[in-house]
Ligand SMILES: [Mn+2]
């Protein structure tokens, strides 16, 4: 199913005002409903290598894997859709590649990257992520952060040691507690969200969220909801106007209409028969 007429996707990345390179990488495929954003870290240009390896390998794994996927089915062990498992496995595979490269290439030693991967299918969005790049949703004029940062700040808040305000004031920014490529193993968080027409989703790197607060992101998305390119450009302009201390990447996806699978009932019955057969 080609989703490009149902979902409008925009992909923008900017080096910002202070950094010599852009170490973020983004990839989108409107037809497949695939959005991927990575924020690399590491020595001279190694961050770029890590984030690029992540987005290209994940795009490749998902676009090849989806052709053989039994859509509309749920894995009995994990309770996740097969699409979700494909995303998780693609991210784990990216971790293997980045970790392996970091071990063998001295210039890439210690490199790593965050990842947020989203796949739209059957009025659903599955998100797989590691690190502190985020996904937000604007629905009924409410902005909600869907992902939860894998960061020191967030952990201290979760453990009740700090309030949000205290954590922001007292702990260093950008200390991620999980990233791709750092270790042979990594834990990927998976979320499955129902999607409604007129929803707008935002994936972004911390170069946006460290500079522009949620309220201003909300105002900007609401104001430019009819023009995603303008919305993205305005977010990047704001981040740069507040200093642009880091690379800024923004992927926006707005839902024009339902993209439920055609012949939904037929597929449901068919899948139930397949389930009975095992
Ligand atoms: Mn960053």
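The values are calculated or read from the model by the stated rules, or taken from the named source; none is laboratory data. Note that the coordinates shown come from a computational prediction; the quantities given were computed from them, not determined experimentally. Here the Cβ is made from the backbone with ideal geometry for all residues, glycine too, and neighbour counts use every protein chain on show.
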Q | Single residue of the range 233-255 satisfying the filter (out of contact with any strand residue (DSSP E or B) (no Cβ under 8 Å at 6 or more places or on another chain) and closer than 10 Å to residue 211 by Cα) that is surrounded by the most Cβ atoms within 10 Å (Cβ to Cβ) | A | 246
**Q.** Index of the failed condition, residue 177 passing every other in (1) under 26 Å from residue 94 (Cα atoms); (2) buried (at least 19 other Cβ atoms within 10 Å of the Cβ); (3) in contact with a helix residue (DSSP H, G or I) (Cβ under 9 Å, 6 or more places away or on another chain)
**A.** (2)
(Q) Considering only the range 266-278, I want to know if a residue exists there that is in contact with a helix residue (DSSP H, G or I) (Cβ under 7 Å, 6 or more places away or on another chain) and either part of a loop (DSSP other than H, G, I, E, B) or at pLDDT 95 or above (or both). (A) no
**Q.** Single unsatisfied condition, residue 102 versus (1) within 29 Å of residue 196 (Cα to Cα); (2) touching a strand residue (DSSP E or B) at 6+ places or on another chain (Cβ under 9 Å); (3) more than 16 Å from the ligand (Cβ to nearest atom)
**A.** (1)
Q) Can you name the residue in the range 213-232 that is surrounded by fewer than 16 Cβ atoms within 10 Å (Cβ to Cβ) and either touching a residue at least 12 places away in the same chain (Cβ under 8 Å) or outside any loop (DSSP other than H, G, I, E, B) (or both) and is also farthest from the chain's Cα centre (by Cα) among such residues? A) 223
Q. Just to be sure, is residue 112 within 29 Å of residue 174 (Cβ to Cβ), touching a residue at least 12 places away in the same chain (Cβ under 8 Å) and more than 16 Å from the ligand (Cβ to nearest atom)?
A. no
Q | Sole residue being touching a residue at least 40 places away in the same chain (Cβ under 8 Å), away from the ligand (no atom under 16 Å from the Cβ), touching a helix residue (DSSP H, G or I) at 6+ places or on another chain (Cβ under 7 Å) and farther than 21 Å from residue 7 by Cβ, chosen from 94, 46, 50 | A | 94
**Q.** Of all residues in the range 5-43 being part of a loop (DSSP other than H, G, I, E, B), more than 25 Å from residue 102 (Cβ to Cβ) and in contact with a strand residue (DSSP E or B) (Cβ under 9 Å, 6 or more places away or on another chain), the one that is farthest from the ligand (Cβ to nearest atom)
**A.** 6
Q.
residue 110 - would you say it is modelled with pLDDT under 95 and farther than 24 Å from residue 201 by Cα?
A. yes
Q. Within the set of pairs 6+ apart or on separate chains, which have a first residue in the range 200-212 that is part of a loop (DSSP other than H, G, I, E, B), a second that is at pLDDT below 95 and more than 8 Å from the ligand (Cβ to nearest atom), and C-beta atoms under 9 Å apart?
A. 210/173
Q. Does residue 175 meet the test of being within 16 Å of the ligand (Cβ to nearest atom), within 30 Å of residue 261 (Cβ to Cβ) and either under 21 Å from the mean Cα position of the chain (by Cα) or modelled with pLDDT of 90 or more (or both)?
A. no
Q: Inspect all residues belonging to the range 182-190 and state whether any of them is part of a loop (DSSP other than H, G, I, E, B), within 16 Å of the ligand (Cβ to nearest atom) and either at pLDDT 95 or above or under 23 Å from residue 30 (Cβ atoms) (or both).
A: yes
